[in-house]
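The values are calculated or read from the model by the stated rules, or taken from the named source; none is laboratory data. For clarity, every value in this text was computed on a predicted model and none was experimentally measured. With ideal geometry, Cβ positions are generated from the backbone for all residues, glycine too; neighbour counts draw on all protein chains shown.
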Amino acid sequence: MAANYKLVRNPDPANSDELKPLHPRIKSLGTLSIEQLADRAQGRSSLSPATIKSALLVISDLLQETLREGYNVNLNNIGYFSVSLKSRPVMEKNEIRSESVHFSHVNFRCAQELKDKLSTMEVTRAQSVTVPNLSQTEKELRLKKHFEQKLNLTTTEYMNLTYCSRQKALKELKSLVQEDKITKIGSKNATQYLNKSL
């Protein structure tokens, strides 16, 4: 079965409003659990789904245990796991103690066998959904209706109401704040907007 992809505009971190090129991105069908993988494996071996699930859980436990002990782990045909550490910067070894060194992240290097098998994967473009191109007046009417039902507004809610990206939503919300139509409260992930004069 071919995987679906969609074309996504490259990000514009500088907010230059310059149109950026598109790049393909897999349209995920979701995330499979160990249980679902075990069910899929049925018929490929004489092992039962319960046995396969148990084996996968044992491998998961062993991976955690051996990485904690300082081993690197190579799962044949899958990839190579290792651990990275972090600490404050020092110039000499005697400037830091073990208590100041901590886990940073797990490194994963894909096995060449897996890359080779994926290199021949088939892809097809996902059916595109027509997104309405709303005028500013239509967007503000939608906002007004939203505030009639709810006191506050989040960035995600604005994105869903106006069919725009997070970057565009933040820009438009900032403009509405400057126009004194809405009020911004909170910061970062806790940011919300209240109606002022819509």
For Gln112: the one exception among (1) over 25 Å from Ala2 (Cα atoms); (2) out of contact with any His (no Cβ under 8 Å at 6 or more places or on another chain): (1)
Verdict on Ile59 being touching a residue at least 24 places away in the same chain (Cβ under 8 Å), surrounded by 10 or more Cβ atoms within 10 Å (Cβ to Cβ), among the hydrophobic types (A, V, I, L, M, F, W, C) and more than 23 Å from Lys168 (Cβ to Cβ): no
Ser87 being touching a His at 6+ places or on another chain (Cβ under 8 Å) and in the same structural domain as Met121 (by TED's automatic domain parsing): yes
Residue in the range 79-93 that is out of contact with any strand residue (DSSP E or B) (no Cβ under 6 Å at 6 or more places or on another chain), in a helix (DSSP H, G or I) and modelled with pLDDT under 95 present: yes
In the range 1-51, residue surrounded by the most Cβ atoms within 10 Å (Cβ to Cβ) [restricted to those that are under 18 Å from the mean Cα position of the chain (by Cα), of a type in the set (A, V, I, L, M, F, W, C) and part of a loop (DSSP other than H, G, I, E, B)]: Leu32
Sole residue being under 30 Å from Arg68 (Cβ atoms), of a type in the set (A, V, I, L, M, F, W, C) and surrounded by 10 or more Cβ atoms within 10 Å (Cβ to Cβ), chosen from Leu114, Leu153: Leu114
Matching option when the condition is closer than 30 Å to Leu170 by Cβ, out of contact with any helix residue (DSSP H, G or I) (no Cβ under 8 Å at 6 or more places or on another chain), free of Cβ contacts under 8 Å to residues at least 24 places away in the same chain and of a type in the set (D, E, K, R), among Glu18, Glu92, Glu99, Glu69: Glu18
Test: Ser54 is surrounded by 13 or more Cβ atoms within 10 Å (Cβ to Cβ) and farther than 24 Å from Lys117 by Cα: yes
Filter result for Thr162 (touching a Lys or Arg at 6+ places or on another chain (Cβ under 9 Å) and either under 22 Å from Pro13 (Cβ atoms) or without any contact (Cβ under 8 Å) to a residue 40 or more places away in the chain (or both)): yes
